[in-house]
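**Q** There's a structure below that I have some questions on.
The values are calculated or read from the model by the stated rules, or taken from the named source; none is laboratory data. Keep in mind that what you see is a predicted model, and the values were worked out from it rather than measured. Cβ placement follows ideal geometry from the backbone for every residue including glycine, while neighbour counts extend to all protein chains displayed.
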Amino acid sequence: MKINHIAMYVCDLERSKAFYEVYFGGVPNSKYHNPKTGLQTYFLTFEDGARLELMSRPECTDTVRHEFALGLIHLAFSTGSRETVDSLTAKLAADGYTVAGQPRTTGDGYYESVILDPDGNRIEITE
């Protein structure tokens, strides 16, 4: 069995789509729009076949995020090298995104950084 996709609501669908395209290589499908409910979605497919569904609808509201809240807490993208972790983290920082954790080796042996996407979701960038 495998996970088919992960979905998340976002405040600005086009901004979030661009973020995952530009920095993580996600390839979007055509936008789906249900005029009856206002739901709009994109599926982004990544190099290994993993998919992320970005969803937006008029009722969505921004919420305050708590680092230790229950539920899904982060997405992790593997880059293949420490150098790419470092350079992508630096690029995101230079482009104005929040770096919540500088590149480091964790206690369980991962080399990673943590950034926040446009909606404050934690994204781990791993080796």
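**Q** Of D12, D86, which residue is within 18 Å of Y97 (Cα to Cα), acidic (D, E) and not assigned by TED's automatic domain parsing to the domain that holds R122?
**A** D12
**Q** I'd like the full set of residues that are acidic (D, E) and either modelled with pLDDT under 95 or in contact with a helix residue (DSSP H, G or I) (Cβ under 8 Å, 6 or more places away or on another chain) (or both), limited to the range 68-97.
**A** None - no residue of the range 68-97 is acidic (D, E) and either modelled with pLDDT under 95 or in contact with a helix residue (DSSP H, G or I) (Cβ under 8 Å, 6 or more places away or on another chain) (or both), so the list stays empty.
**Q** Related question: Filter the range 31-51 for residues that are in contact (Cβ under 8 Å) with a residue 12 or more places away in the chain and assigned to a loop (DSSP other than H, G, I, E, B); which is farthest from the chain's Cα centre (by Cα)?
**A** Ranking the candidates gives T37 first.
**Q** Would you check which residues across the range 95-127 are among the aromatic types (F, W, Y) and part of a loop (DSSP other than H, G, I, E, B) and list them?
**A** Scanning the range 95-127 gives Y97, Y110.
**Q** Another question about this same structure. Looking only at residues that are in contact with a Lys or Arg (Cβ under 8 Å, 6 or more places away or on another chain) and hydrophobic (A, V, I, L, M, F, W, C) in the range 44-95, which one is surrounded by the fewest Cβ atoms within 10 Å (Cβ to Cβ)?
**A** By that ranking, first place goes to I73.
**Q** Please pick out the residue among L72, L88, L92, L54 that is assigned to a strand (DSSP E or B), within 17 Å of the chain's Cα centre (by Cα), closer than 30 Å to Y111 by Cβ and not small (G, A, S).
**A** L54
**Q** A further question on this structure: Of the conditions (1) out of contact with any helix residue (DSSP H, G or I) (no Cβ under 6 Å at 6 or more places or on another chain); (2) free of Cβ contacts under 8 Å to residues at least 24 places away in the same chain; (3) under 30 Å from A94 (Cα atoms), K17 satisfies every one except a single condition; which number is it?
**A** (2)
**Q** Examine the range 48-55 for a residue that is of a type in the set (K, R) and over 14 Å from Y9 (Cα atoms), and state whether such a residue exists.
**A** Scanning the range 48-55 turns up at least one residue that is of a type in the set (K, R) and over 14 Å from Y9 (Cα atoms).
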